[in-house]
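One structure below.
The values are calculated or read from the model by the stated rules, or taken from the named source; none is laboratory data. Fair warning: this is a prediction, and the values are worked out from it, not measured in the lab. In this analysis, Cβ positions are derived from the backbone assuming ideal geometry, glycine residues included, and neighbour counts consider all displayed protein chains.
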Amino acid sequence: MTKKSQTILIVEDEKPLIRALCDKFRHEGFNVLEARNGAEGLEVALREHPDLILLDIIMPVMDGVSMFKKLREDEWGKSVPVIMLTNLIYNEKIAEAIMQGSHEYLVKSDFKLEDVVAKVRERLAMPHN
Amino acid sequence: MKIVNLLLLLVSALLALVIINGGIIYYFNNQMTSDSRVVNYAGIIRGATQRVIKLELAGDYSQADELIAELDQIISGLKNGDKNLNLPQASGDKFIAVINEVSDTWITLKQTLYQTRQDSDSRSRLVEESEDYFYLTNQAVGVAEEFSRNKVTNLKTVIIVSSIISLGIISAMWVVIRRKIFKPLINLAEILPKIAGGDLSQRLKVESNDEFGILASLFNITATKLQQSYEKIKEKTGELSVKVGELQKFQLAVENANEHVIITDADGNILYVNPAAERITGYSRRESIGARPSLWGNLMTKEFYANLWRIIRDEKKVFTGEITNRRKSGELYQAIVNISPILGAGGEVKFFVGLERDVTLERNIDKAKTEFVSLASHQLRTPLSAINWYTEMLLAGDAGKINAVQKRYLEEVYQGGQRMVGLVNVFLNVSRIELGTFVIEPEPVNLQEAAQIALKELRLIIREKKIKVTATYDAKLPSILLDPKLINIIFQNLLSNAVKYTPAEGAVSLEVSQDEKNAIIRVSDTGCGIPRNQQAKIFSKLFRADNAASQETEGTGLGLYIVKAIIDRLGGSIRFESEQDKGTTFFVTLPLAGMAKKEGIKTLE
């Protein structure tokens, strides 16, 4: 595994949360990119090709699910690891769709930051499928 | 005496009077006739005898003989009676004596006459004798007349006496008739019109033991009975009026009630709707009567209606439940419905009375409240996450090394944050349960594993309080189709309660077993127990028993409410036994058949 620092894209509209996540991951040695909504996130992702995306669901302009679907249509995008961050699952169908393509979903308020970091590291350590 | 007999007596008496008086008069008449005939013939004797003598002196002996023969007959007849002449035998001593003398004298005279025929010298004797004879005949006539006059006087007396007696008898009869017949009749004539006129208190006088008396008694009895009947009718009418008044009260109450009231027959056809029902359902009285409640209903599941009918028709019990109906306008509304069967004398259902209370507004308010809680709780999550994460980073030293005091303070902050997260989760769960928006995702769940996960989470506090935990599991327990998150909530809640409310060094035991239909979970502790007078409320929202609240400040009173709601939804049951200061045991049953998937919007946390 290369020792170059890995890049994570965090897509989250809530300021305090994105700040905390960015602070933590930077502290952990990651290169962190930010986006405040799905459209911005999609654009940054396709441009910068991060190693992993942390994706919030409820966002203005374009929500996480739509961005995720669009992402998966992209040549590169269809295999990038995505971890959904959310406070709840809004309805089953979305959950199902997410389950098909996303790799994990975490309930923000129930998880410690270090758990999120651990999940990210775990995911990055896995081979891409 | 019976009137019949009296009348017979009267008639007989009258007849007797008539006969007697008639008899008297007839006798009188006879006597008069006879007497006058006697007088008459007595008179004739003198005339005839004179003629005889004339004829004798004239020498007409043949005619004289004829006349003599006649005289013989007459005199004999006067003396002894003669049928042909209609003369009675002589009666009265005086008359008999006279007639005898006349008869004797006549014989002598006859002899003299015959002698005269032969001897004309006897003519002087003849004249002498005939003078005596004529004197006698005069006497005879006189006597006869006197006798007759006496008789008349006697008879007159008799007649007068008889008349007086007859009058007396008739008067007596009259008095009797008046008293025995007229008086009762007059009494009747007086009293009956009054009774007929409506005065039922009048009674006839019963003064005799005869037919009128009986009639009067019977009549009085009838009048009394009539009076009693009338009183009874008045009473009953009075009662009926009261009842009608009361019924009108009820009718008014129903008509004016705020709640929807309908009455149907035993088949569910509507017989009556009150104005409130018209207002709530939107269907007028005319549209409703004859139709069925499905006019505004029929929105619930088949099972709901099958159950409803089973309870009210087969079990003949009252059904209470919540129902969603549709108004005529199409608008849906929530109602609490209460249907009672009305049974007839034989226990068969005759009517149903249905009450509905439109609770849409209340429900909407509840829903709004719950949605508010949900929204508010949801909004709290983001700042909570921020607090927790930054506190976590500080504690991890990401912002620089911290000293022991800083660490302690930060840990307090972190714990506060964690507790808030827990509370927010609880509030969100409650609101999802109430809104019915939570999702159930069944998968095969091993109860033993689920229990052990919950126990692991309580490891710390168990160790701190030195609680002795025993857990037994039925090895043969199969996996059950359940939602693991929901099962976790159940175990987590019951076990944490047991541990929380048991003092240090107490004991908590967990047993998971099964019977033919259900899995059985038993959680018992040696804790402070639930006071008897608060046991009924233990599953209600936000309820905490006094001894629990005073011992342990943490606790929302929502845990058991959520547990019970979940268990109800899973088709299981929960109950408990508890004694204050001794301990509590909870029993949960869950059907081995598992749970159906439920589509919803949100999971429970």
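Side notes on the structure shown:
- Matching option when the condition is surrounded by 12 or more Cβ atoms within 10 Å (Cβ to Cβ) and out of contact with any His (no Cβ under 6 Å at 6 or more places or on another chain), among B:ALA189, B:ALA144, B:ALA196: B:ALA144
- Among the candidates B:LYS476, B:LYS485, the residue that is more than 26 Å from B:THR526 (Cα to Cα) and part of a helix (DSSP H, G or I) is uniquely B:LYS485.
- Residue pairs whose Cβ atoms lie under 6 Å apart, sitting 6 or more positions apart in sequence or on different chains, and linking a residue in the range B:122-151 that is free of Cβ contacts under 8 Å to residues at least 40 places away in the same chain to a partner that is of a type in the set (Ser, Thr, Tyr), are B:SER122/B:THR112; B:SER122/B:THR116; B:ARG125/B:THR112; B:GLU129/B:THR112; B:LEU136/B:THR105.
- Helices (runs of 4 or more DSSP H) contained in the range B:253-348 and holding at least 3 residues surrounded by fewer than 19 Cβ atoms within 10 Å (Cβ to Cβ) and aromatic (Phe, Trp, Tyr): B:302-309
- Residue count for the range B:199-232, restricted to those that are in a helix (DSSP H, G or I), of a type in the set (A, V, I, L, M, F, W, C) and surrounded by 12 or more Cβ atoms within 10 Å (Cβ to Cβ): 8
- Filter pass, B:THR584 being out of contact with any Cys (no Cβ under 8 Å at 6 or more places or on another chain), at pLDDT 80 or above and of a type outside the set (A, V, I, L, M, F, W, C): yes
- Scanning the range B:368-375 finds one or more residues that are touching an Asp or Glu at 6+ places or on another chain (Cβ under 7 Å) and more than 10 Å from every other protein chain (Cβ to nearest Cβ).
- B:GLU70 in a helix (DSSP H, G or I) and under 15 Å from B:ALA144 (Cα atoms): no
- Any hit, the range B:47-65, residues being in contact with a strand residue (DSSP E or B) (Cβ under 7 Å, 6 or more places away or on another chain) and hydroxyl-bearing (Ser, Thr, Tyr): no
- Hey, B:SER524 part of a strand (DSSP E or B) and either outside the structural domain of B:GLY557 (by TED's automatic domain parsing) or of a type in the set (S, T, N, Q) (or both) or not: yes
- Residue check, B:GLU235 out of contact with any Pro (no Cβ under 6 Å at 6 or more places or on another chain) and either loosely packed, with under 11 Cβ neighbours inside 10 Å or in contact (Cβ under 8 Å) with a residue 40 or more places away in the chain (or both): yes
- The range A:41-67 - residue that is at pLDDT below 85 and more than 19 Å from B:THR382 (Cα to Cα) and, of those, surrounded by the fewest Cβ atoms within 10 Å (Cβ to Cβ): A:SER66
- Residue in the range B:155-174 that is assigned to a helix (DSSP H, G or I), in contact with an Asp or Glu (Cβ under 8 Å, 6 or more places away or on another chain) and touching a residue at least 12 places away in the same chain (Cβ under 8 Å) present: no
- When the range B:1-20 is filtered for residues that are of a type in the set (S, T, N, Q) and either modelled with pLDDT of 85 or more or touching a Lys or Arg at 6+ places or on another chain (Cβ under 9 Å) (or both), only B:SER12 remains.
Residue-wise test of (1) in contact with a helix residue (DSSP H, G or I) (Cβ under 9 Å, 6 or more places away or on another chain); (2) farther than 30 Å from B:LEU423 by Cα; (3) within 14 Å of chain A (Cβ to nearest Cβ).
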{"site": "B:LEU308", "(1), (2), (3)": "no, yes, no"}
{"site": "B:ARG313", "(1), (2), (3)": "no, yes, no"}
{"site": "B:THR320", "(1), (2), (3)": "no, yes, no"}
{"site": "B:PHE351", "(1), (2), (3)": "no, yes, no"}
{"site": "B:ARG363", "(1), (2), (3)": "no, no, no"}
{"site": "B:ASP366", "(1), (2), (3)": "yes, no, no"}
